[in-house]
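Report on one structure; see the data block that follows.
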Amino acid sequence: MTFELDGARRIGALQEDRVVPLDDVATDMLGLLNGADAALDAASTVLDRAANSILLSDVRLCAPICAPPQVLGIGRNYMRKPEDVRHRGKQVWFSNSPSSIVGHGEPIVVPASAPSVDYEGELAVVIGREAHDIRGEDEAHAVIAGFTVANDVTNHDWLSQSPTVMLAKSYTGNSPIGPWLVTRDEIPDPYALRIRTWVNDELRQDGTTADMLNRITQQIEHLTEHLTLMPGDVIMTGTPAGTGNRMDPPRFLVPGDVVRIEIEGIGVLENPVVAGRKR
Ligand code: MG
């Protein structure tokens, strides 16, 4: 995880309710990921000693990767109804600005001039090594560092007003990820995870990653045919049924709401919703 304590930003590993600082391994998560297997081995050694651990409740969590090189998202990637199967094999990609990334607990902002802001609970993949022209499940699996929870917040006013998706996904603060990165070895089957989103106490999304139309490894193969993935890149893998824009009438987020997304085996990402400045 990336955390702050006494104004300093550091990385650490969670052990039950305590954080073991990894200052001796790397200064930030990108450093840890760029250090590859050697850095993970060094982290294990630190964990075995587990000296100087800090209570989790004493730290402030930050986005696990504060400044990802790239943030990419796939649209229409879940089976919501039988005819959605036609989207299998068709991958619709967009990017979220890396500057829109925030962590657990940080606010989602509703701009006064464009208030149709929606949640999208998603499994996020974090890339661990430079990857170009990846072929096959094994090669694709090997470039995954781990997983986290994402809220791929969409501004539907800007989605309809702009010819591309990017502006609707990039408002500062509106790509929460967290609470931490769970390494690949801890998630033996990423296609069997329950994913739920609550707005306040109301369960809005209750899906499973088994309903992805294009698997994560297919996403990595397809992306790396076109571009190079870098350590720290975040891939948002699509959202299951239950988003507010599909309700009749649509139910967008309003200031005062709290959005909570839980993915089995990873954790809970919770963010309050606040009003943006008027302009
Ligand atoms: Mg999405």
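The values are calculated or read from the model by the stated rules, or taken from the named source; none is laboratory data. Predicted model only: the values in this text are computed from it and were never measured. Neighbour counts run over all protein chains shown; Cβ positions are idealised from the backbone, glycine included. Protein only, heavy atoms only, side chains kept; ligands, DNA and RNA dropped before computing areas. Shrake-Rupley method; radii C 1.70, N 1.55, O 1.52, S 1.80 Å.
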Of VAL125, VAL102, which residue is open to solvent by less than 70 Å² (accessible area, probe 1.4 Å) and farther than 15 Å from THR217 by Cβ? VAL102
Can you tell me which residue among VAL71, VAL109 is within 19 Å of the chain's Cα centre (by Cα), within 16 Å of the ligand (Cβ to nearest atom) and at pLDDT 95 or above? VAL71
Counting just the residues of the range 224-251 that are of a type in the set (A, V, I, L, M, F, W, C) and open to solvent by 10 Å² or more (accessible area, probe 1.4 Å), which one comes out nearest to the chain's Cα centre (by Cα)? MET230
In the range 39-52, residues that are crowded, with 18+ Cβ neighbours inside 10 Å and small (Gly, Ala, Ser) total 1
How many residues, within the range 252-279, are surrounded by 17 or more Cβ atoms within 10 Å (Cβ to Cβ) and either free of Cβ contacts under 8 Å to residues at least 12 places away in the same chain or part of a loop (DSSP other than H, G, I, E, B) (or both)? 5
Scanning the range 204-246 for residues that are touching a Lys or Arg at 6+ places or on another chain (Cβ under 6 Å) and of a type in the set (A, V, I, L, M, F, W, C), the one nearest to LEU72 (Cα to Cα) turns out to be LEU213
Where GLU221 falls short, out of the listed (1) in a loop (DSSP other than H, G, I, E, B); (2) modelled with pLDDT of 95 or more: (1)
Can ALA140 be described as more than 30 Å from PRO249 (Cβ to Cβ), among the aliphatic types (A, V, I, L, M) and within 21 Å of the chain's Cα centre (by Cα)? yes
Scope the range 128-165; condition exposed (fewer than 15 other Cβ atoms within 10 Å of the Cβ) and either among the aromatic types (Phe, Trp, Tyr) or within 30 Å of PRO111 (Cβ to Cβ) (or both); matching residues: SER160, GLN161, SER162, PRO163, THR164
Residue check, LEU213 against (1) within 16 Å of the ligand (Cβ to nearest atom); (2) under 29 Å from LEU14 (Cα atoms), all met but one. Which one? (2)
Sole exception among (1) more than 17 Å from the chain's Cα centre (by Cα); (2) open to solvent by less than 40 Å² (accessible area, probe 1.4 Å) for PRO115, by number: (2)
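Rundown of residues vs (1) within 30 Å of GLY242 (Cα to Cα); (2) surrounded by 12 or more Cβ atoms within 10 Å (Cβ to Cβ); (3) modelled with pLDDT of 90 or more; (4) away from the ligand (no atom under 16 Å from the Cβ), yes/no style:
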site	(1), (2), (3), (4)
ILE11	no, yes, yes, yes
GLU16	no, no, yes, yes
VAL19	no, yes, yes, yes
ASP24	no, no, yes, yes
MET29	no, yes, yes, yes
LEU32	no, yes, yes, yes
ASP37	no, no, no, yes
PRO64	yes, yes, yes, yes
GLU83	yes, no, no, yes
Qualifying positions in the range 162-192 - away from the ligand (no atom under 16 Å from the Cβ), outside any loop (DSSP other than H, G, I, E, B) and either in contact (Cβ under 8 Å) with a residue 12 or more places away in the chain or hydroxyl-bearing (Ser, Thr, Tyr) (or both): GLY178, PRO179, TRP180, LEU181, VAL182, THR183, ARG184, GLU186
